[in-house]
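Asker: Sharing a structure with you now.
The values are calculated or read from the model by the stated rules, or taken from the named source; none is laboratory data. All values reported here derive from a predicted model rather than from experimental measurement. All Cβ positions, glycine included, derive from the backbone under ideal geometry; neighbour counts span all protein chains shown.
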Amino acid sequence: MKIIAGLGNPGPEYVQTKHNVGFMIVDALAAALGAEWRQGKFEALVAETRIGSEKVVLVKPLTYMNESGRAIGPLMSWYKLTPEDLIVCHDDMDIPAGTIRIRKKGSAGGHNGIKSILAHVGDEHFARVRLGIGRPLPGWSVVKHVLAPFTTEDAGKIAESIKQLVPAIECIVTNGVDMAMNKYNPKKQKKAKPARGQKKSAQAAGQNGECAAVADKVAAPAAKEAGQDE
């Protein structure tokens, strides 16, 4: 069994804000799986469903972002689950808007919702599904940034990434975090190596330049002597 928690703030005024992409992700997952939300026992909305043969509980804490662990911790205890059975979906300000990053474990990285979960779960070994929201505009505070809606351009990127994250989360449940990371995390761009012919040409050019410099050094005294003879 797995708990898949999306982080955000409850209330209509927060629905389209950047800080609520965790809610957006689990809402998309619930829609794809035909799961219906209901009020749970521990200050959270829950939706029970299955991914393959695995039972999963989708969770949206109603405690507000900074107290997310207050809902998730008791749910983990209620279902007698370990940290490895938890998957958390949340926004990340340190990666570009729309960029996906899946991690197996880690620190809070300054995210207050994750800090709260770590405090209540007591272990960092739970999967994170992070969706980038980008950095604040010049002159904007972090709070103003995360509680503002996306620009039209970024909203399109977020919607497209959430579509990709539905199968990515299903992959985590059925095949494990490592396979999902390998398949869905952006690949690092390798620096292009010069072709062998180009490399040799560059080396030859360098050698020719060195030879020319030596020749100039030899020629200079000879020219000086010739001038003195005159």
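Asker: Please determine, by comparing only the residues of segment 158-187 that are on the phi < 0 side of the Ramachandran plot and in a loop (DSSP other than H, G, I, E, B), which one is surrounded by the fewest Cβ atoms within 10 Å (Cβ to Cβ).
Answerer: Among those that are on the phi < 0 side of the Ramachandran plot and in a loop (DSSP other than H, G, I, E, B), it is 187.
Asker: Inside segment 27-112, counting only strands (runs of 3 or more DSSP E) that do not spill past its ends, which hold 2 or more residues that are free of Cβ contacts under 8 Å to residues at least 60 places away in the same chain, surrounded by 17 or more Cβ atoms within 10 Å (Cβ to Cβ) and touching a Lys or Arg at 6+ places or on another chain (Cβ under 8 Å)?
Answerer: Numbers: elements: 44-51, 54-61, 86-92, 100-103.
Because the criterion is at least 2 residues that are free of Cβ contacts under 8 Å to residues at least 60 places away in the same chain, surrounded by 17 or more Cβ atoms within 10 Å (Cβ to Cβ) and touching a Lys or Arg at 6+ places or on another chain (Cβ under 8 Å), the strands (runs of 3 or more DSSP E) in segment 27-112 that meet it are 44-51, 54-61.
Asker: Could you check, for segment 181-199, whether at least one of its residues is at pLDDT 95 or above, in contact with a Ser or Thr (Cβ under 8 Å, 6 or more places away or on another chain) and not hydrophobic (A, V, I, L, M, F, W, C)?
Answerer: no
Asker: Right, residue 7: closer than 24 Å to residue 100 by Cα, in contact with a strand residue (DSSP E or B) (Cβ under 9 Å, 6 or more places away or on another chain) and not polar (S, T, N, Q) or not?
Answerer: Details: closer than 24 Å to residue 100 by Cα: yes; in contact with a strand residue (DSSP E or B) (Cβ under 9 Å, 6 or more places away or on another chain): yes; not polar (S, T, N, Q): yes.
In short, yes.
Asker: Next question. Mind listing whichever residues of segment 115-137 are buried (at least 16 other Cβ atoms within 10 Å of the Cβ) and over 26 Å from residue 185 (Cβ atoms)?
Answerer: Within segment 115-137, just 120 meets the criteria.
Asker: Can I ask one more? If we scan segment 138-157, do we find a residue that is touching a strand residue (DSSP E or B) at 6+ places or on another chain (Cβ under 8 Å), surrounded by fewer than 17 Cβ atoms within 10 Å (Cβ to Cβ), among the polar types (S, T, N, Q) and not in a helix (DSSP H, G or I)?
Answerer: So far as segment 138-157 goes, no, none of its residues is touching a strand residue (DSSP E or B) at 6+ places or on another chain (Cβ under 8 Å), surrounded by fewer than 17 Cβ atoms within 10 Å (Cβ to Cβ), among the polar types (S, T, N, Q) and not in a helix (DSSP H, G or I).
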